[in-house]
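First comes the structure, then the notes that go with it.
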Protein chains: 2
Amino acid sequence: MNLLFKALADPTRRRILQLLRRGDLTAGEIADQFPISRPSISHHLNLLKQAGLVQDERRGQHIVYSLNTTVFQEVLTWLAGLMAMEEKENGDG
Amino acid sequence: MNLLFKALADPTRRRILQLLRRGDLTAGEIADQFPISRPSISHHLNLLKQAGLVQDERRGQHIVYSLNTTVFQEVLTWLAGLMAMEEKENGDG
């Protein structure tokens, strides 16, 4: 969870996730969308991968990145849990 | 969003949020639940407050903390948006 929220606490990494929601991309295709160096993009992709938010897969000469929606679902469930308890509060003793 | 995810990237702060979902608490009541110093708890509460995840309110001699579910809702909406687009992907050209 720590890695996960740390990975989300950066605007470039959140923007990468938003690009990937439209479809899988190579590191090069992702880098083309940003005015920052390829090594920086690689660093961001690695952090997203360590957090489990993206996965990579070799296709021919390229490494293709995609969103790992399972992990998003876990965060959603955790956040929704916090809010649900808050609403239930009056019903319990 | 950066502050928000940074605030969530710490187990003590996530645990504080989980305590608060059961009801409002003073800093002292929160501190009693952790084997760490009160100044540390104050620091964590300040970060949660800066991120908008909790709000504080003076009641008599005490400052009482509560969850700010509006901000949780914003994170939920953002995450759900990422996942929804992923599912819609096949329908667009």
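Every number here is computed from the coordinates shown, using simple stated rules; none is lab data. Because the structure is predicted, anything quoted here is derived from the model rather than measured. Neighbour counts run over all protein chains shown; Cβ positions are idealised from the backbone, glycine included.
On full extension, the segment bounded by A:A84 and A:R58 gains 5.3 nm, given 0.36 nm per residue less the C-alpha separation. Here the Karplus relation 6.51 cos²θ - 1.76 cosθ + 1.60, evaluated at θ = phi - 60°, turns the backbone of the range B:23-34 into coupling constants of x, 5, 9, 7, 4, x, 5, 5, 4, 4, 8, 10 Hz, with x for every Gly and Pro. Counting only Cα atoms, the size of the range A:2-68 along its three principal axes is 34, 25, 21 Å, in decreasing order.
By the count of neighbouring beta-carbon atoms within 10 Å, fewest first, A:L48, A:L17, B:L67 end up ordered A:L17, B:L67, A:L48. For the protein assembly as shown, the number of Lys pairs with C-alpha atoms closer than 19 Å, counting only pairs eight or more positions apart or on separate chains, is 5. In chain A, helices alone account for a calculated mean residue ellipticity at 222 nm of -18000 deg cm²/dmol, with every DSSP H run of four or more residues adding -39,500 (n - 2.57).
Please report the net charge: other residues with Cβ closer than 11 Å to the Cβ of A:N46, K and R +1, D and E -1. Summing Lys/Arg as +1 and Asp/Glu as -1 gives +1. Relative to the first principal axis of the alpha-carbon coordinates of chain A, what is the inclination of helix A:38-50, with its axis defined by its Cα atoms, in degrees from 0 to 90 and to the nearest 10? Tilt of helix A:38-50: around 40 degrees. For A:N68, the residues 5 or more places off, or on other chains, whose built amide H falls under 5 Å of its own are A:V54, A:Q55. Here is the list for the range A:1-57: trypsin sites (Lys or Arg not before Pro) lying in DSSP coil, each with at most 15 other C-beta atoms within 10 angstrom of its C-beta, are A:R22.
Note that the range A:7-13 has calculated 3J(HN,Hα) couplings of 4, 7, 7, 8, x, 5, 5 Hz, one per residue in order, obtained from phi through the Karplus relation 6.51 cos²θ - 1.76 cosθ + 1.60 (θ = phi - 60°); glycine and proline are x. The H on the amide N of B:I63, modeled in the peptide plane, is under 5 Å from the matching H of B:A27, each at least 5 residues off or on a different chain.
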